[in-house]
Amino acid sequence: MTIKSFFLPFILALVAFAVGFLLLDLAMMNQ
Amino acid sequence: MNRSRSNKFRQALIVLALAVVTVALAFLVFDQVNAIAAEQDVAAETAATGNYGPAPKLTAADYPTIAGVNSRVAVWIFAQLHLWFAAFVLAVPIFVFIIEAIGMRTRDKRYDDMAYEFIKVSITAYSLTAVLGGLLLFSLIVFYPQLFTYMARIFKGSMFYYALLFFVESAALYIYYYGWHWLQGGFKKWVHLTIGLVLNAAGTTLMLLANAWLTFMMSPAGVDPAGVFNGDAWAAINNFLWNPINIHRFVANIAYGGSIVGAYAAFKFLTAGTQQERAHYDWMGYNANFIAICALLPLPFAGYYLAAEIYAYSQQMGITLMGGIFAWLFIIQAVLIGTLFLSANYYLWCGMGRSDGARRYTKYIKYLAIVLVGAFLVWFTPHTLVLTNEELKSLGGPYHKILGPLGIMPAKNTAVNVMIIFTALSFMFYRRANKTATVSWVNAGNAIQVALYTAGIANIMFLGIYHGYFTNTVYKVAASIPQVLTTLVVIAASITLDSFIYRRSTDVGPVHWGRIPARAQYALFLLAVAFTWLMGLMGYIRSGIRQHWHIVDIMRDTSPDAFTPTLGYAANVVSVAAILFMAMVIFVFWIAQVSTSKTLPAGYWKEG
């Protein structure tokens, strides 16, 4: 396991999922 | 073969005849009830208040008693026993139907055999359900005649068709079970599956009708404040709490049915004589546990929705439920639900020993266990403590300054979502245990999985902590919905991603069914017992929050038993009922065992 093969996709995916969940929260916490 | 089949038919006919006699008796009683109702109708008409009179105002003299019998406890235990068996016999056909369809799709006969064995267990339970239903009906009529008369006048149509539906259900069940080996292959198999669908439609409709009667007693509709019925039967059926109860019970019944057949498989596993039998019942126990967990995961959401709707209908009832006398029973409930999650996970971890590749994942189990136990502790932390004056002084109030905040719902919701996500993670390890991925991007795939779980849990924590403690109550309750959605997204995305990572994967080796310690089977027993106890406890709470009302705000309970018993007394009644149920379930398992054993007495029958 190298930095490129694990941590790069991990960081990218983490940012993507975090943004996705925050959008979900914003959509629900209003209608 | 033909002889045993004709014997089975004879038994079925006897049971059917008994059912006919019971229904005939029920109709006779119904006639009597109708006669009383007709008298009341006449009285109501003379008072010129239309066809339906107000709910009767009763005195203690209106409740017949039988010497030596506590009428409330009798109805309580009969209703609870009837419901446990009813939940079981309604749930089994649901997953038997699904398993049979899976067998037809995969053409793997093991599924067909397992489905047949599950339905065999429910046949004896079916007649016990009917017997207990008769006991409940008679005890309601004997001990609470005025209440039953009032209810029968409002629900006369649904009660009549409820009784008729039993013919449909019995006929479908008997053809489904006794015709299993006859209706095999091609078109016949489709006919058989269709009969299973009819059986499920009848069973579910029966449950929906009975739910309407009991939710009417909690949230009456279609009547004015005096209890005068406006004639709209659908309004009375479709009352405020009907659908929340329908959803919660439908899902819970499947989880409960799965746990009971899991206990049956464990019983057969522990008494199996050969390795082949052990492998068969281990596989059956695994599938039963799988069904129970699949239904258990969405269950806390359905329960939270039901409780939120009870609050929405009546704040007084809601506060009695979780802030008043019943709050401590909810702590016991939390311990039992935690037991369910821990025993289901423990069974999965033990089951990983069936495959040789599992040791790659066993090092993670201890971390899963630590998180599950931590979430479990938060899940049952009480809010208001029962304290003496000295303890109150030294604590500075009824709430502990650190543990107090963990006693309210946002902490519970966060904890249960974490428990559900980690149960899904246990499942992921179990599914991966025997596989080796062959795709080139396996490291990136695993990184995405870790990121998904990390982001999901962080979002659940954020919603629970920020909206739970730093915004107003509306947001506190509402935050539970994105929490639920986050959990569902994590589980669905994780399963989807894993299916891509393990596309064209290779197996580490054959799965050794039957290679599982006996203590895993006791975890299956624990699952069934904890479910039973939990349903008994929550059944009492659901019924008990009506307090001194037969029908909330409409019809007062003026019987000598119109008080809320102490928590210990109620817990004892529920526990006695649970032990009675377990004894009857052991009888059902034993009957299923006896039906396959033969004795050949040497020299008893004359030769030739």
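Once the piece of chain linking B:L385 and B:D553 is laid out straight, how much longer is it, given 0.36 nm per residue of separation minus the C-alpha distance between them?
Values: separation 168, 0.36 × 168 = 60.48 nm, distance 3.09 nm.
Once the chain is fully extended between B:L385 and B:D553, it gains 57.4 nm.
What is the percent carbon and sulfur in the accessible area of segment B:99-191, measuring with a 1.4 Å probe over the protein chains and ignoring ligands?
Accessible surface attributable to carbon and sulfur in segment B:99-191 totals 72 percent.
What list of whole percents do you get for P(r) of the protein assembly as shown, with Cα-Cα distances grouped in 20 Å bins up to the one holding the largest distance?
Percent of pairs per bin, in order: 16, 47, 31, 6, 0.
Report the accessible surface area buried between chains B and A, summing both sides, using a 1.4 Å probe on protein heavy atoms only, in Å² rounded to the nearest 100. Write down the numbers at each step before the final one.
Numbers: alone 29200 and 3200 Å², together 30850 Å².
For chain B against chain A, roughly 1500 Å² becomes buried.
How high is the relative contact order of segment B:78-145, given as a whole-number percent (alpha carbon pairs under 8 Å, six or more residues apart)? Let's see the in-between values first.
Working: 48 pairs, mean separation 32.4, N = 68.
Once divided by the residue count of segment B:78-145, the mean separation gives 48 percent.
List, in order, the whole-Hz ³J(HN,Hα) value for each residue of segment B:209-221 obtained from phi through the Karplus relation with A = 6.51, B = -1.76, C = 1.60 and θ = phi - 60°; use x for Gly and Pro.
Those phi angles translate into 5, 5, 4, 4, 5, 6, 6, 4, 5, 8, 9, x, 9 Hz.
Report ³J(HN,Hα) in whole Hz for each residue of segment B:85-93, in order, from the Karplus equation J = 6.51 cos²θ - 1.76 cosθ + 1.60 where θ = phi - 60°; Gly and Pro get x.
Result, rounded to whole Hz: 5, 4, 4, 5, 6, 7, 7, 4, x.
How large is the accessible surface of B:K156 in square angstrom, using a 1.4 angstrom probe and rounding to the nearest 10?
Its accessible surface works out to 100 Å², give or take rounding.
Loop only per DSSP, at most 14 neighbouring Cβ atoms within 10 Å: give me the chymotrypsin sites (Phe, Trp or Tyr not before Pro) in segment B:407-453, ordered by residue number.
Numbers: sites: B:F422, B:F427, B:F429, B:Y430, B:W441, B:Y453; in loops: B:W441.
When the chymotrypsin sites (Phe, Trp or Tyr not before Pro) of segment B:407-453 are filtered for loop state and at most 14 Cβ neighbours within 10 Å, B:W441 remain.
How far is the Cα center of segment B:58-125 from the Cα center of segment B:201-237, in Å?
What the calculation gives is 22 Å, centre to centre.
Which residues' amide hydrogens lie under 5 Å from the amide hydrogen of B:M555, considering only partners 5 or more residues apart or on another chain, with H built in the peptide plane?
Amide H neighbours of B:M555, under 5 Å, 5+ apart: B:H550.
Given the whole protein assembly as supplied and a 1.4 Å probe, what does the accessible area of B:R556 come to in Å², nearest 10?
Accessible area of B:R556: about 120 Å².
Roughly how many Å is it from the Cα centre of segment B:372-403 to that of segment B:295-310, as a whole number?
Rounded to whole Å, the Cα centres lie 25 Å apart.
Need one word for segment B:462-549: rounded, prolate or oblate. Basis is the Cα gyration tensor (sqrt eigenvalues a ≥ b ≥ c); a/c below 1.5 gives rounded, then a/b vs b/c decides.
Because a/c hits 1.5 or more and a/b fails to exceed b/c, segment B:462-549 counts as oblate.
Once phi is turned into ³J(HN,Hα) by the Karplus curve 6.51 cos²θ - 1.76 cosθ + 1.60 with θ = phi - 60°, what whole-Hz value does each residue of segment B:448-455 show in order, with x for glycine and proline?
With the stated coefficients, segment B:448-455 comes to 5, 4, 4, 5, 4, 5, 5, 5 Hz.
Run down the lysines and flag those whose C-alpha is under 26 Å from the C-alpha of B:K401, throwing out any fewer than 8 positions away in its chain.
Filter leaves B:K393, B:K412, B:K476.
Work through the residues other than B:F269 whose Cβ is under 11 Å from its Cβ and net out their charges, Lys, Arg +1 and Asp, Glu -1.
Every neighbour counted, the sum reads 0.
Would you please put B:313-320, B:374-381, B:94-101 in order of how densely packed they are, using the mean number of other Cβ atoms within 10 angstrom per residue and starting with the highest?
B:94-101, B:374-381, B:313-320
For B:L147, what accessible area in Å² do you get when you roll a 1.4 Å probe over the heavy atoms of the protein chains, rounding to the nearest 10?
Accessible area, nearest 10 Å²: 20 Å².
Excluding same-chain residues fewer than 8 positions from B:K435, which lysines have a Cα within less than 30 Å of its Cα?
A:K4, B:K109, B:K268, B:K363, B:K366
The values are calculated or read from the model by the stated rules, or taken from the named source; none is laboratory data. Keep in mind that what you see is a predicted model, and the values were worked out from it rather than measured. Note that we place each Cβ from the backbone using ideal geometry, even for glycine, and neighbour counts take in every protein chain shown. Protein only, heavy atoms only, side chains kept; ligands, DNA and RNA dropped before computing areas. Shrake-Rupley method; radii C 1.70, N 1.55, O 1.52, S 1.80 Å.
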